[in-house]
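Comments concern the structure below.
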Amino acid sequence: MKNEETLFLFAKAIKSLIKKQPLDKITVTDIVSTAGKTRQTFYRHFQDKYDLVNWYFEKLVLKSLQEALNLKFAFIEQEHAFFKEAFKSNDYNNLIHYDFCCIYDFYKEYIHKNTGKTLSSDIDFLLKMYCRGSVDMTVEWVLNDMPISKEDIVTYLIEAIPDKLKECMM
């Protein structure tokens, strides 16, 4: 069994247990028993049950982000001819600028809701850098007639999120 499968077994176990009792009452023994794994295996992957919960939450957030990006790129792929022409414009109010503003505002609001804080200057810089790179790669993908699959570009865009920025999103 792969490590990721084992991790998801533990997540499935804690999800099952949470339906019956509060998280604070659940023990690692309960989790490993429900998952059919050993304590040693659990502690090889997680510090404690809260580490497991945090890991699973991160997976859900990334899955949600991935689903949103998949929808965006499926739409762009479906309307390729339109986007190819629209992305060629150099006007200040062009689609490239609009796309940047949309994703920047989306992530900025998402981070604010997650942390309850306004963005620090270093996080804001990372966010702008990531959004500009994301838009630039989207434009390149469209203008070069989509040389890689939409699934691959979505995967690459998620992998490119700087760790310090990911921490604010989780």
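Here the accessible area of the chain is 54 percent carbon and sulfur, with a 1.4 angstrom probe and all protein chains present. Summary of packing: across the peptides 112-124, 143-155, the per-residue average of other C-beta atoms within 10 Å ranks them, highest first, as 143-155, 112-124.
Considering only Cα-Cα distances, which of the following residue pairs are longer than 27 Å: Lys49/Lys128; Lys88/Lys113; Lys84/Lys128? The answer is Lys49/Lys128; Lys88/Lys113. Assuming charge only on the beta carbon of Lys and Arg (+1) and of Asp and Glu (-1), the dipole of the stretch 17-67 about its Cα centre is about 200 debye to the nearest 20.
Of the three principal axes defined by the Cα atoms of the stretch 36-102, the extents in descending order read 59, 24, 13 Å. Remark: the chain carries a charge dipole of roughly 1040 debye about the Cα centre, counting +1 on each Lys and Arg Cβ and -1 on each Asp and Glu Cβ. The mean accessible area for residues of the chain, using a 1.4 Å probe and ignoring ligands and nucleic acids, is 63 Å² per residue.
Scanning the chain for long hydrophobic helices, with DSSP H runs required to stretch 27 angstrom or more by C-alpha along their axis and to average at least -0.5 on the Kyte-Doolittle scale, returns 49-78, 95-115, 121-143. Rounded to the nearest 500, the helix-only mean residue ellipticity at 222 nm of the chain stands at -24500 deg cm²/dmol, with each DSSP H run of n ≥ 4 adding -39,500 (n - 2.57).
If I model the chain as equal point scatterers sitting on the Cα atoms and use the Debye formula, what is log10 I(q)/I(0) at q = 0.12 Å⁻¹? For the chain at q = 0.12 Å⁻¹, log10 I(q)/I(0) is -0.70.
Projecting the Cα positions of Phe75, Asn54, Ser134 onto the charge dipole of the chain (unit charges on Cβ atoms of Lys, Arg, Asp and Glu, taken about the Cα centre) puts Asn54 furthest along the positive direction.
Under 8 Å for C-alpha pairs, at least 6 residues apart: give me the relative contact order for the chain, rounded to a whole percent. 22 percent.
The values are calculated or read from the model by the stated rules, or taken from the named source; none is laboratory data. Just so you know, these numbers come straight off a predicted model, no measurement behind them. We place every Cβ from the backbone using ideal geometry, glycine too, and count neighbours over all the protein chains shown. Each accessible area value is taken on the protein alone, full model and side chains, heavy atoms only, with ligands, DNA and RNA left out. Shrake-Rupley method; radii C 1.70, N 1.55, O 1.52, S 1.80 Å.
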